[in-house]
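Working notes, structure below.
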Amino acid sequence: MDLNVIWMLLIGYLLGSIPSGIWIGKAFFGKDIREYGSGNMGTTNTFRVLGKTAGSVVLLIDMLKGSATALLPLLFHSDANALLIGIAAIIGHAFPVFANFKGGKTVATSVGVLLIYNWQFFLLAWAIFLITIYLTSMVSVASMLGFTLITISSLFYQDWILTTVALVLTIFVFIRHWGNVSRIRQGQENMVPFGLGYRRRQKREKNNNK
């Protein structure tokens, strides 16, 4: 294997391993977000535990980890595939060396990689995610359904690397969110405070309290 590729994969993994939610929580709020909410170090739990500002910052950082890694081939003047190099950051985010190898669910970092690899498909993927989260008000459902639709959509690009990576990530996202499935079935899954799903739940709870 090319030495430059090894360096890019190592740097990408270390970038992906940066536990932004944990560090921001401890530095500015005196909290380890792994001890609150879902116990996850990712964007969604940061929003839930630390608020919108911290959640937005973590979302941006986690996306940048993926984008920066996907840009490494340019920095190293390499013809390596940006998407394949970007996988190193995704693995780092899922199994971070700086957080005992217990990381997030990889959605934001994956999107960051996609932004560099194919910005047009990134816009399509982002639109799919936003629409599904508006319809369901659940990040977990939006992630699983969104990645499924993204994988299907990738077939129209006739890019087997993109489709293969998207399929693998979809399977991984489902595995990471498997604990959410039972809560979804029981109608107890956490919701973001907007969207049609949130409105339906609020209306149902209001009717039950009458």
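The residue among 77, 55, 104 whose Cα reaches farthest toward the positive pole of the charge dipole of segment 1-117, with charges on the beta-carbon of Lys, Arg, Asp and Glu, is 55. With both labels modelled 7 Å from their Cα along Cα-to-Cβ, the residue 161 to residue 78 distance reads 1.2 nm.
About its Cα centre, segment 118-210 has a charge dipole of approximately 720 debye under the convention of +1 per Lys or Arg Cβ and -1 per Asp or Glu Cβ, with nothing else charged. If the Kirkwood radius is taken over C-alpha pairs of the chain, then at 4 °C and 1.567 mPa s the Stokes-Einstein diffusion coefficient equals 73 µm²/s.
Remark: segment 89-200 projects, on average over all directions, an area of 7.4 nm² (convex hull of Cα atoms). Taking all Cα pairs closer than 8 Å and separated by 6 or more residues, the relative contact order of segment 51-149 comes to 24 percent. Computed from label points 7 Å out along Cα-Cβ, the spacing between residue 119 and residue 52 is 2.8 nm. Diffusion of segment 1-117 by Stokes-Einstein, at 20 °C in a medium of 1.002 mPa s and with Rh set to the Kirkwood radius over alpha-carbon pairs, works out to 154 µm²/s.
Cβ-to-Cβ counts within 10 Å put 191, 144 in ascending order as 191, 144, the fewest first. Distance between the C-alpha centres of segment 10-35 and segment 136-207: 24 Å, rounded to the whole angstrom.
Taken together, the values in this text are just the output of simple stated rules run on the coordinates, not laboratory data. None of these values were measured; they are calculated from a predicted model. For neighbour counting, all protein chains shown are included, and Cβ atoms are generated from backbone atoms with ideal geometry for every residue, glycine included.
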